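No value in this document is a laboratory result; all are computed from the given coordinates. Just so you know, these numbers come straight off a predicted model, no measurement behind them. Reconstructed Cβ throughout: ideal geometry from the backbone, glycine too, with neighbour counts over all protein chains shown.
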């Protein structure tokens, strides 16, 4: 069917369920028919259109996405919750020929666009806001990452995975890609652990694997996931940010007790979703680690002068090499005609490796600010608060730092902040939140925290 999804996988599993939604079951044979229908619709305008797709968790969206890959039509995926203004901004910047939203096709224009031959997919770097740059990925990127993930995760055609993440998000999309490539079943859902129906689905539909971001597992653990009897569940994966060490330990202990596998993984959209994973048998011993490079990839570190670091325990910027490294960034349609891919991806993450070669992520280069001339690592500051028993989120820019906390912990957060950070009071503010603001991909929205802190500070 494409370099990502071989034809024989669909043919060999024709009567099996490919997708299950709340509306029903779609077999591999039915999915193939839907793909063919979308190919016909999409090819009726220009020879090689650029397609913008509101990527919902339904059969139509998945079929349209797969039709684009099969036909060689570049497709930009965006969150279905993107506002009308956000959609308009995306269309203005990328000028797609076709817009697919709410399961309907709209022709925006029929001009032939200069599109690089290797371009297959565009993913946003900004969750559900529609701003920011786009990551350009090739068919080779998708095929390499899918094959690599399938080589270390025990995905088989007998699996049924529960996928609660947006498919416009690289992690959610990679789960879809890997399972369809293996002829497995993907159970799509918009339910969260806060919904009673989620637990019914997890228990009654014989789910064999589960994937999620830190906020998803935090919800699961608050609701005693580790005390559930889930005999069909064979393994679960966590990526999309760093889950707290205590949470990782609880998941690893649960996996160990009930003979399951817990995969802690690390990746970025710029690497088509995955760069590293931690051997599940190592998780209990190294709950903070991200592990080693995925098959076919290579990790290394460099210091602030660009020199490679060869000693264990020394922190530097994490670098990645592999066939899954993106073509490049895209700001608008003028960037789509040609790409000059870099062999090395500078991740912007700070990390070190240990004597076993396992890497641990310690923070972000861009999460370092200066307060009154002193460098402050925001991720490190969050960790210091956590060591003192306070769950906070810290955002900031030079000479301004916002500590987000729960209402009940406001005074304690203010007190701890003064003891941890030596900076003029005008540079510091504490803001209470009932829930952390999240991006569409489930990660903490630090820009929203920063803005809320600024508003409080400016309004007294």
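Between residue 111 and residue 432, what length in nm is gained on full extension when 0.36 nm per residue of separation is reduced by their alpha carbon distance? Can you show the working numbers first?
Working: separation 321, 0.36 × 321 = 115.56 nm, distance 5.04 nm.
Length gained, residue 111 through residue 432: 110.5 nm.
Just to verify a number: FRET efficiency for residue 48 and residue 323, C-beta to C-beta distance, R0 = 35 Å, to 0.05?
Values: r = 23 Å, r/R0 = 0.67.
That pair, residue 48 with residue 323, gives E of 0.90.
Rounded if a/c is under 1.5, else prolate if a/b is larger than b/c, else oblate: which is region 7-360, with a ≥ b ≥ c the root eigenvalues of its Cα gyration tensor?
Details: a/c = 1.85, a/b = 1.19, b/c = 1.56.
Because a/c hits 1.5 or more and a/b fails to exceed b/c, region 7-360 counts as oblate.
What is the pair-distance distribution P(r) of region 372-458, computed from all Cα-Cα distances in 10 Å bins starting at 0, with each bin given as a whole percent?
The calculated distribution, bin by bin, is 17, 56, 25, 2.
May I ask for the distance between the Cα centers of region 221-257 and region 146-172, given as a whole number of Å?
A separation of 17 Å, based on Cα centres.
Provide the percentage of antiparallel DSSP beta bridges, counting only those with both residues in region 20-113; round to the nearest 5.
Roughly 45 percent of the DSSP beta bridges within region 20-113 come out antiparallel.
Quick one: Cα centre-to-centre distance for region 2-37 and region 363-406, in angstrom?
47
Within a 10 angstrom radius of the beta carbon, how do 102, 226 rank from fewest other beta carbons to most?
Placing the least packed residue first, the sequence is 102, 226.
Nearest 10 degrees, 0 to 90: what angle lies between the long axis of helix 170-181 and the longest principal axis of the chain (Cα atoms)?
40
For a paramagnetic label modelled at 7 Å from the Cα of residue 15 toward its Cβ, which residues of region 133-172 fall within the zone defined by backbone nitrogen distances under 18 Å?
157-159
If we count other beta carbons within 10 Å of each Cβ, what is the order of 304, 232, fewest first?
On the way: 304 8, 232 13.
So the ranking, lowest neighbour count to highest, is 304, 232.
Measure off 7 Å from each Cα along the Cα-to-Cβ vector at residue 457 and residue 36, then give the distance between these two points in nanometres to one decimal.
Going from the residue 457 label point to the residue 36 one covers 6.1 nm.
Given the DSSP H assignment, sum -39500 (n - 2.57) over each helix run of at least 4 residues in the chain and divide by its residue total; what's the result at 222 nm in deg cm²/dmol, nearest 500?
Numbers: 12 runs with 136 residues, N = 460.
Rounded to the nearest 500, it is -9000 deg cm²/dmol.
Could you list 429, 124, 156 in order of exposure, starting from the residue whose Cβ has the fewest other Cβ atoms within 10 Å?
Ordered by Cβ neighbours within 10 Å, fewest first: 156, 429, 124.
Using C-alpha positions alone, give me the convex hull volume of region 320-399 per residue in cubic angstrom. Please report the intermediate quantities before stating the final value.
Numbers: hull volume 14.1 nm³, N = 80.
Dividing the Cα hull volume of region 320-399 by its residues yields 177 Å³.
Would you mind telling me the antiparallel percentage of the DSSP bridges in the chain, rounded to 5?
Values: 48 of 79 bridges.
If we restrict to bridges inside the chain, about 60 percent are antiparallel.
What number results when the radius of gyration of region 229-367, computed over Cα atoms, is divided by 2.2 N^0.38 Å?
Values: Rg = 16.7 Å, N = 139, 2.2 N^0.38 = 14.3 Å.
In units of the globular-protein estimate, region 229-367 measures up at 1.17.
Run the numbers on region 362-405 and let me know its relative contact order in percent, using alpha-carbon pairs under 8 Å that are six or more apart.
Numbers: 58 pairs, mean separation 14.1, N = 44.
The value is 32 percent.
Simple spin-label model, 7 Å along Cα-to-Cβ: residue 370 to residue 399 in nm?
Result for the modelled spin labels: 1.1 nm.
In degrees, nearest 10, range 0 to 90: what is the angle between the Cα axis of helix 59-71 and the longest Cα principal axis of the chain?
Compared with the principal axis, the helix lies near 70 degrees.
Explain nothing, just the number: relative contact order of the chain, from Cα pairs under 8 Å at least 6 residues apart, as a whole percent. Each step should come with its number before you reach the end.
Working: 927 pairs, mean separation 53.0, N = 460.
Dividing the mean separation by the residue count of the chain yields 12 percent.
Compute the helix-to-body angle for 245-257: its Cα long axis versus the longest principal axis of the chain, expressed 0 to 90° and rounded to tens.
Orientation of helix 245-257: about 60 degrees from the principal axis.
Just to be sure I understand the model, the point goes 7 Å from the Cα along the line to the Cβ. What's the resulting residue 87 to residue 356 distance in nm?
4.9
How many percent of DSSP beta bridges within region 372-458 run antiparallel, rounded to 5?
Values: 6 of 11 bridges.
In region 372-458, DSSP labels about 55 percent of beta bridges as antiparallel.
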